[in-house]
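Quick notes on the structure that follows.
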Amino acid sequence: SYGEGTIQLSAKDTIFAYSDGLVEAENTAGEFFDYGRVEDLLRRMAGESPVAVVGVMKSELEKFTYQAEKSDDI
């Protein structure tokens with residue numbers, strides 16, 4: 001279910017939008033990339049440029065799913 005709310009963003013805040021294909025991407029063991037991994041990467045990348053954040057996210061996802069069949073959008 002989805003809620004409704006308001007949040008005040010500052011100039012240094014970042015919004016990261018993604019599809020469920022990111023968190024549901026699986027490795028060869030059938031494990032999901034999952035929300036926790038995405039949150040950890042975003043915390044580590046705090047203050048970096050959007051290009052850097054997306055680049056690291058894509059790189060980490062590729063390492064995680066290496067040789068696993070891709071079955072959804074990312």
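Here are the numbers for the structure shown:
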read-out	value
Å² of accessible area per residue within the chain, as computed with a 1.4 Å probe and no ligands counted	82 Å²
Leading residue at positive end of dipole, the chain (Cβ point charges), from 38, 11, 54	11
Choice from 39, 24, 60 with maximal GNM fluctuation in the chain (Cα, 10 Å cutoff)	39
Point-to-point label distance, residue 4-residue 16, nm (Cα→Cβ direction, 7 Å offset)	2.8 nm
C-alpha long axis of helix 35-44 to longest principal axis of the chain, angle in °	60 degrees
C-alpha long axis of helix 50-65 to longest principal axis of the chain, angle in °	20 degrees
Apportionment of accessible area to carbon and sulfur, the chain, percent (1.4 Å)	51 percent
For the chain, convex hull of alpha carbons as volume per residue, Å³	107 Å³
Cα-centre dipole for the chain with unit charges at Cβ (Lys and Arg positive, Asp and Glu negative), debye to 20	400 debye
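The values are calculated or read from the model by the stated rules, or taken from the named source; none is laboratory data. Worth saying up front: this structure is predicted, and the values here are computed from it rather than measured. Using ideal geometry, Cβ is built from the backbone for each residue, glycine included, and neighbour counts are taken over all protein chains shown. Ligands, DNA and RNA are stripped out before the accessible areas are found, and what is left, the full protein with its side chains, is counted by its heavy atoms. Shrake-Rupley method; radii C 1.70, N 1.55, O 1.52, S 1.80 Å.
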